[in-house]
Every structure is written in C-alpha cells, then in structure tokens.
1. Quick one: check the C-alpha center-to-center distance for region 44-63 versus region 97-161, whole angstrom.
2. Positive end of the dipole of the chain, charges at C-beta (+1 Lys, Arg; -1 Asp, Glu), about the Cα centre: which of ALA81, LEU40, CYS124 has its Cα farthest in that direction?
3. What distance in nm separates the simple spin-label points at GLU118 and LYS170, each placed 7 Å from Cα in the Cβ direction?
4. Any idea how far apart VAL133 and SER59 come out in nm if each label point goes 7 Å out from Cα toward Cβ?
5. Treating the chain as a set of equal point scatterers at the Cα positions, no solvent, please give the Debye-formula log₁₀ I(q)/I(0) at q = 0.17 Å⁻¹.
6. How high is the relative contact order of the chain, given as a whole-number percent (alpha carbon pairs under 8 Å, six or more residues apart)?
7. Would you mind computing, in nm to one decimal, how far apart the modelled labels at VAL150 and SER24 are, each placed 7 Å from Cα along Cα→Cβ?
8. Please compute one quarter of the surface area of the Cα convex hull for region 116-165 and express it in square nanometres.
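Computed from the coordinates by the stated procedures, all read-outs in this text should not be read as laboratory data. Here the structure is a predicted model, which means the values were calculated and not measured. In this analysis, Cβ positions are derived from the backbone assuming ideal geometry, glycine residues included, and neighbour counts consider all displayed protein chains.
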Amino acid sequence: MPPGRDLGAPAVILIGFMGAGKTSVGRALGERLGWSFEDLDERIERRERRKVPEIFRESGELEFRRAEHATLRELLQELRAGARRVVALGGGAFAQERNARLLEASGVPIVFLDAGVEELWERCRAQADEHEVERPLRGNRQTFGELYAVRRQHYLKASFRQETGGKTVKKIVAEVIQALGLERRGRRGEKQ
Ligand code: S3P
C-alpha cells in the first residue's frame, strides 16, 4: 500500500517487532488525536481470561494465533462501524498472512515502527529486568535477531515505516501525525 493512501480512515494501526514502542507510541498518539487507544494483546487477554504468556505456556503459540486472529476480526468490525481508534498489534500479528490480508483490506493506515535490532533487544531486556515484562518469543539475542530478520519482510508491507531509533515518544508521535496528514483533522477526525 503506498504511503498515505487512506488518509480518510479514522483509525491507525501500529505494527512492529517486540520492543518497537507500539503500546507507548499508540497511547501517546491516541491522546494527541483525542482517539481511544487499544492494545490487541490486552483485548486477547480479556477475551481469553488469561495473560498472553499463560496462553503460550498452557496452550501453545498456535492457540495464541487463533485467538489473535479472532480478536483482530472482531476489532476490525468495530473500526468498520466508525470507531476512532489507535490500535497496537503484537509483534507477530502482521506476519500472519491471514491477518495481513484482513488488515490491508480494511484500508486503515498501517504504520511500521522500526528500530535497529540491537536497540529493540536492549529495550526488551530492560523492560524484562525493570518491569518484569514477559515476552514468550523473546528468546536469546541470536534467535531474537533471526526472528526480527524474518518478520521485517512482512512489516515492510505497511503503509509506511517510521524510524524510532534514538527518538522520544513525543517526536515519533509528531512524525506519524505529519506523515499521515492527521494534523489537518479535528479531534473527531473531520478535515478542518
Ligand atoms: C509476539 C509479541 C507480543 C505478543 C506475543 C507474541 C510476537 O507482543 O503479541 O507474545 O510474536 O512477536 P509485543 O510485540 O507487544 O511484545
């Protein structure tokens, strides 16, 4: 999808690898636009009544992907009904072909938040050490890098790639807003 094709859509979807900042950027972007923010993993947890690491431990990745796909379908129905929202997806969601197809067909702008693999690894390591953030697929530095290389090919199909390396959340939000032309819209999403 070429950058900015769907500027009229009153929603933005953030994708990217673990540690890309999808949740923190998504929350800040939602606040800036006056749109609600939703994290797909949190919605999966509410639906399944289990935390993501528990789903992986008890039922395996395949079951997690099934729940992820069903939850994404439900969410896209709401966006179709006109909900104004910034949505952050888990790192593996867009790498699943059936999810990518659904997302691309939705016409909602998809923003790939990117950073160098070393920085992504460091952010995940710090979040694990300081905030006990558990990521079932983080693995070790080598498997993390290998998974990133595979996933990146998928992420590059997004509407556009936003570099996040060394940038503050505030700066990233400002750049996404400018790239999508969202500053020209009011808090309800209308052109001003
Ligand atoms: C996953 C990333 C996680 C979460 C799940 C699977 C992945 O989300 O969806 O553990 O496959 O990369 P974050 O990208 O928010 O860590």
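1. A separation of 19 Å, based on Cα centres.
2. ALA81
3. 2.7 nm
4. Output for this residue pair reads 2.4 nm.
5. Those come out to -1.16, one per q.
6. It comes to 36 percent, rounded to a whole number.
7. 2.8 nm
8. So the mean shadow area of the Cα hull is 3.8 nm².
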